[in-house]
Amino acid sequence: MLNSYSKCIAGLFVFLCLQHSGIKHLEGEVFRSYFSYPGHRKSNIIVTNRRVFCVKEMDLLGHLTTDWECLFENFYRSPTVTGSELKIYCKEIHKLKLQKTQEPVRMIQFKDADTAK
């Protein structure tokens, strides 16, 4: 018989796996939530008490890597939600892995407005 687990417990498992994958864990960091990254195969958005970041599974050997991240202390304004689109404003454009000519905003298009919120 299989036990069903909540999304939070499943996300916590993902976060614990990250800790053993070589992805840098910040001091005092605690898992909050995670979401599939729509349109980005094998990628998830992880939210902790210290940051929001995207973790991508590499096709070769299934290793996990941080695709982009933003520490909450580096937000230059609060995130905004318009419909199902979330915008994250981060001072460190290189952490968001955007081109230098772009505004330092990571836009995430979720499937629904509730997930974006």
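All of the numbers you see were taken from the coordinates with simple rules; none came from a lab. Source: prediction; values computed, not measured. All Cβ positions, glycine included, derive from the backbone under ideal geometry; neighbour counts span all protein chains shown.
Computed quantities for the displayed model
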{"quantity": "Estimated FRET transfer efficiency when R0 is 22 angstrom, pair E73-V105 (beta carbons, to 0.05)", "calculated": "0.80"}
{"quantity": "Net charge of neighbours whose Cβ lies under 12 Å from the Cβ of R77, counting Lys and Arg as +1 and Asp and Glu as -1", "calculated": "+1"}
